[in-house]
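The values are calculated or read from the model by the stated rules, or taken from the named source; none is laboratory data. This is a predicted model, so every value here is computed, not measured. Here Cβ is always computed from backbone atoms with ideal geometry, including for glycine, and neighbour counts include all displayed protein chains.
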Amino acid sequence: MKLRKFKDPLPIPPVLIPKWKSGDYDYTYYEVSMVETKQSLHSDLPQTTLWGYEGIYPGPTFEVEMGERVFVKWKNELPARHLLPIDHTVHGAEKEKPDVRTVVHLHGGRTEPASDGYPDAWFTNGFAVKGPFFEKEIFEYGNQQKARALWYHDHAIGLTRLNIYAGLAGFYLIRDSHERSLNLPSGPFEVPLLLQDRTFHDDGTLSYPDQPENNSSGLHPSIITSFFGDTILVNGKVWPFFEVEPRKYRFRFLNAANARFFRLSLDSGQLFFQIGTDSGFLERPIGISSLLLAPAERLDIIIDFSNMEGKSVILKNDARTHFPIGDPVNPETTGNVMEFRVTKPLSGIDTSMIPAYLGPIKWLQENSARKQRYLELSEEKDQFGRSLFLLDKKMWDDPITENPRLGSIEIWNFVNTNGDDHPIHIHLVQFQVLGRRAFDVDFYKKTKQIRYMGPRIQPEMGERGWKDTVRCPPGHITTVIIPFFPFTGQYVWHCHMLEHEDYEMMRPYKVLPPD
Ligand code: C2O
Ligand code: CU
């Protein structure tokens, strides 16, 4: 089915209302129900059955203040049948497990282990059945983090790709006084943009393959290597338009796709001003003509529409599927994201700023690291001949090998010996990217020795801040420096391409008490 582009207005998810809030923002209680719902994702498409937090897709946006203690009771009120095909050969999704299991992770949050959404801490409707790691019904988020855009999404073992595809994702914005002092575009001029790709059947239902294209495994359903949809959605609408005033806007970009990378540009040729990363502000804004965004990465962006009355600007995408060596995008379809129309009259003088300086970042020194780890990202074959991506050649069930001490700093080197760019995410922590260095992959595969092919390349300008997800391109060693605090306990690190994460490209890790 061919859906017309730029036909429907951009929806903006509502801000979630707490059930209870104490004075001075120090204690807030929310309840959020996951329910099956129907929603129109394009005006030419019949309504789509989805799963939504509070019955909406994407979920409502949390707005919280730094330091505010937030409690959330995440309630599974979903039906017993999954919307999408489950592969029972995937670890954690065995036949005897309930089909519909959920657990929520606050991505980028510095969260205690019991509230982090460990993949085995899942629960079913009404908490009737609980996973082996289930600890509590009400999660606590301390929000001891400066202003930034986090997001929440499902993380149930063996089902994450399907639960997020069904609609379980939303924004979580932390605010602070420093952010308010910067006089950035705000209120109606600050807009979250959640980017995903989806494929639909003609009846409007979600389409997700139940087996890979050339399924040699004979399994059915069988997990696929990575999902790429043929339409692009922003905030749950296919190719929307957004009417803007001729002024500056702040956009909080989030790539919430299963596996698709986005490389965004504006067809007007104008620059984006990037002010922040996954985990807060850059030191200084940068003007940049294209934005690369891997699954789970966020970008804090200002676009200036002043003096553009009457014009329209298309947000384009030219990241190959898969990235970086797959097919080019279709210029008619997936090469487009949304359209900005500068058609609204100016409602008042634009006094917002793109500040020249956004604040200091404490840069970590390499010699402060107590340990270096080299962790291979490899591609293997499973017993059915399917691709299997592993971290350090280990499976999810293998004993824990990454066990940093609380308060210590470590350097992790991701040694990518396969052809995909993998966005690696580590729970609990934020890190800094030290750089990337090309190495001889064949020599490494034969000898396990690293032979560098060039000097270390500095992180891109837009990556020079705190991050929680890092792109690891093929043929390169990507190096990050990570302080481990403020909790001990068991977390996970993984590739954020959801089909990889669900199929063994995820490992538990444990922060040990200081010695
Ligand atoms: Cu965005 Cu482990 O997750
Ligand atoms: Cu991956």
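Structure above, values below:
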read-out: Candidates Thr61, Thr102, Thr28 - the one that is touching a residue at least 12 places away in the same chain (Cβ under 8 Å), farther than 27 Å from Thr199 by Cβ and surrounded by 20 or more Cβ atoms within 10 Å (Cβ to Cβ); value: Thr28
read-out: Complete set of residues in the stretch 189-226 that are within 16 Å of ligand 1 (Cβ to nearest atom) and surrounded by fewer than 21 Cβ atoms within 10 Å (Cβ to Cβ); value: none
read-out: Qualifying residue in the stretch 123-133 (condition: under 15 Å from Val72 (Cβ atoms) and surrounded by fewer than 24 Cβ atoms within 10 Å (Cβ to Cβ)); value: yes
read-out: Index of the failed condition, Gly462 passing every other in (1) closer than 30 Å to Lys248 by Cβ; (2) within 16 Å of ligand 1 (Cβ to nearest atom); (3) not aliphatic (A, V, I, L, M); value: (2)
read-out: Subset of the stretch 284-299 that is within 21 Å of Lys316 (Cβ to Cβ) and in contact with a Gly (Cβ under 9 Å, 6 or more places away or on another chain) - its residue that is surrounded by the most Cβ atoms within 10 Å (Cβ to Cβ); value: Arg298
read-out: Which numbered condition Ile457 misses (of (1) away from ligand 2 (no atom under 16 Å from the Cβ); (2) at pLDDT below 95); value: (2)
read-out: Odd one out for Thr478 among (1) hydroxyl-bearing (Ser, Thr, Tyr); (2) within 16 Å of ligand 2 (Cβ to nearest atom); (3) not in a strand (DSSP E or B); value: (3)
read-out: Residue within the stretch 251-264 that is of a type outside the set (D, E, K, R), outside the structural domain of His496 (by TED's automatic domain parsing), in a strand (DSSP E or B) and farther than 29 Å from Leu428 by Cα present; value: no
read-out: Among residues of the stretch 294-322, those that are of a type outside the set (A, V, I, L, M), in a loop (DSSP other than H, G, I, E, B) and modelled with pLDDT of 95 or more, counted; value: 9
read-out: Options Val470, Val441; residue that is free of Cβ contacts under 8 Å to residues at least 60 places away in the same chain and within 16 Å of ligand 1 (Cβ to nearest atom); value: Val470
read-out: Residue in the stretch 449-459 that is touching a residue at least 12 places away in the same chain (Cβ under 8 Å), away from ligand 1 (no atom under 16 Å from the Cβ), assigned to a loop (DSSP other than H, G, I, E, B) and within 22 Å of the chain's Cα centre (by Cα) present; value: yes
read-out: Filter pass, Ala93 being touching a Gly at 6+ places or on another chain (Cβ under 6 Å), closer than 20 Å to Trp51 by Cα and not assigned by TED's automatic domain parsing to the domain that holds Ser222; value: yes
read-out: Residue satisfying condition, being touching a Pro at 6+ places or on another chain (Cβ under 8 Å), touching a residue at least 24 places away in the same chain (Cβ under 8 Å) and hydroxyl-bearing (Ser, Thr, Tyr), within set Ser347, Ser368, Ser290, Ser352; value: Ser352
read-out: Check on Phe281, assigned to a strand (DSSP E or B), crowded, with 22+ Cβ neighbours inside 10 Å and touching a residue at least 24 places away in the same chain (Cβ under 8 Å); value: yes
read-out: Filter result for Arg437 (outside the structural domain of Arg101 (by TED's automatic domain parsing) and away from ligand 2 (no atom under 14 Å from the Cβ)); value: yes
read-out: Residue pairs meeting the criteria (Cβ under 8 Å; at least 6 apart or on separate chains; first under 15 Å from Gln490 (Cβ atoms), in the stretch 128-140; second of a type in the set (Phe, Trp, Tyr)); value: Gly131/Trp122; Gly131/Phe123; Phe133/Tyr118; Phe134/Trp122; Phe134/Phe123
read-out: In the stretch 141-176, the residues that are in contact with a Gly (Cβ under 9 Å, 6 or more places away or on another chain) and among the charged types (D, E, K, R); value: Lys146, Arg148, Asp154, Asp176
read-out: Which listed residue, of Lys510, Lys446, is away from ligand 2 (no atom under 16 Å from the Cβ), assigned to a strand (DSSP E or B) and at pLDDT 95 or above; value: Lys510
read-out: Counted residues, the stretch 416-438 - those being hydrophobic (A, V, I, L, M, F, W, C), away from ligand 1 (no atom under 13 Å from the Cβ) and buried (at least 21 other Cβ atoms within 10 Å of the Cβ); value: 1
read-out: Matching residues in the stretch 171-222 - criterion: being free of Cβ contacts under 8 Å to residues at least 12 places away in the same chain, assigned to a loop (DSSP other than H, G, I, E, B) and of a type in the set (Gly, Ala, Ser); value: none
read-out: Any hit, the stretch 460-473, residues being under 30 Å from Glu112 (Cβ atoms), among the aliphatic types (A, V, I, L, M), within 16 Å of ligand 2 (Cβ to nearest atom) and modelled with pLDDT of 95 or more; value: yes
read-out: Residue count for the stretch 323-344, restricted to those that are in contact (Cβ under 8 Å) with a residue 24 or more places away in the chain and part of a strand (DSSP E or B); value: 6
